[in-house]
1. Is any residue of the stretch 44-71 close enough, with backbone N under 16 Å, to a label point placed 7 angstrom from the Cα of R16 along the Cα-Cβ axis, and if so, which?
2. Apply 1/(1 + (r/R0)^6) to the Cβ-Cβ distance of I68 and Q46, taking R0 = 25 Å, and write down the FRET efficiency to the nearest 0.05.
3. For S37 and I60, calculate 0.36 nm times their separation in residues minus their Cα-Cα distance, and state this gained length in nm to one decimal.
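Just so you know, all these numbers are worked out from the coordinates, no wet-lab data involved. On a predicted model such as this, the values are computed, not experimentally measured, just so you know. Reconstructed Cβ throughout: ideal geometry from the backbone, glycine too, with neighbour counts over all protein chains shown.
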Amino acid sequence: MTSQHSTVPRRFALVRYPDDDDTRVVIAWGMELPDGSAVSLNIEGQAVAVCSRAASCAFIHGAELIWIDGDVGDFEKDGSS
């Protein structure tokens, strides 16, 4: 199968830095789907975001995106849309 996108979902965490220190706190988890869209769920299991990309989920949650399965993700990084 030839495709420019991976067929395996990629996991990410969404984190914040409370109290303006260097300690990260995970506030949500998510996964980027093979088509580049993403879904996230906060740790309380109450807020679900379905987005066009992982960075949009981070924006909705007001958090920083941290890739669990490597550094590359969010398809705009590789120049595709």
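1. Residues passing the 16 Å test: 44-49, 57-66.
2. Efficiency at R0 = 25 Å is approximately 0.70.
3. 6.9 nm
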